[in-house]
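All remarks here apply to the structure that follows.
The values are calculated or read from the model by the stated rules, or taken from the named source; none is laboratory data. It should be emphasised that the depicted structure is a prediction, and the values quoted were computed from it without experimental measurement. With ideal geometry, Cβ positions are generated from the backbone for all residues, glycine too; neighbour counts draw on all protein chains shown. All accessible areas refer to the heavy atoms of the entire protein, side chains included, with ligands and DNA or RNA removed. Shrake-Rupley method; radii C 1.70, N 1.55, O 1.52, S 1.80 Å.
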Amino acid sequence: NANVSGFVSVDGHIICKSPNSVREPATGVGRAVVRVALNGQQFTATHIPFRFYEVVSVAQVLPDYGTFKGGTEVTVSGEKYVETGEIACRFGVGAYDTTGVIGDYDTPGTVVADESSGTAVPAILCLTPTNFPQADTVTIEVALNGQQFTTNGLLFHFVAQVDEINPVRGPAKG
């Protein structure tokens with residue numbers, strides 16, 4: 001059991017930081033239940049389950065480029081990925097345009113088996129966001145809970161896409 005301090009936000013939510021946890025060696029996941037006491041003594045009878053997981057990292061992104069129109073399937077390899085149902089991939093950390101920061105684009109992700117190295121290891125699969133503002137090079141990060149993202153700084157390149165050309169044939173001399 002661990003007690004942590006918290007506070008009530010202006011919108012009525014209780015905010016606190018989770019304590020360190022003992023995690024199962026095989027899965028890297030730990031479990032706890034959360035109960036609340038406003039006076040530090042009488043805790044709620046009801047509880048909400050909470051899941052701890054190891055700190056994850058991003059090691060490789062394949063492919064590391066895709067059209068800025070979006071929809072490119074990207075495999076993010078790294079360490080200690082577990083399926084949570086809340087995985088997110090973030091594109092655009094540090095992206096800029098001529099007027100300033102573009103912002104971040106988050107897309108859902110899921111854990112899959114990456115077999116590119118000959119051994120099945122967990123990886124995160126996600127699609128690039130649709131209609132990224134422009135061709136640009138940005139970082140890609142992941143979060144198992146959709147909130148705390150990695151900070152490894154791997155790059156992803158949004159490139160232009162040619163949809164059609166006209167005419168489609170011409171003389172060999174140009």
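Below are the figures for this structure:
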| read-out | value |
| --- | --- |
| Whichever residue in the stretch 1-37 is open to solvent by less than 80 Å² (accessible area, probe 1.4 Å) and touching a Pro at 6+ places or on another chain (Cβ under 7 Å) and, among such residues, is modelled with the highest pLDDT | V4 |
| Scan of the stretch 38-60 for residues that are within 30 Å of A160 (Cβ to Cβ) and either modelled with pLDDT of 95 or more or open to solvent by 50 Å² or more (accessible area, probe 1.4 Å) (or both), ordered by number | A59, Q60 |
| Of all residues making up the stretch 149-169, the number that are on the phi < 0 side of the Ramachandran plot and either loosely packed, with under 10 Cβ neighbours inside 10 Å or small (G, A, S) (or both) | 9 |
| Residue list for the stretch 61-70, filter: open to solvent by 70 Å² or more (accessible area, probe 1.4 Å) and in a strand (DSSP E or B) | L62, Y65 |
| Listing of strands (runs of 3 or more DSSP E) fully contained in the stretch 90-174 that carry 3 or more residues being β-branched (V, I, T) and at pLDDT 85 or above | 105-114, 136-143 |
| Subset of the stretch 116-148 [closer than 14 Å to D104 by Cα, without any contact (Cβ under 8 Å) to a residue 60 or more places away in the chain, of a type outside the set (A, V, I, L, M, F, W, C) and buried (at least 16 other Cβ atoms within 10 Å of the Cβ)] | P129, T139 |
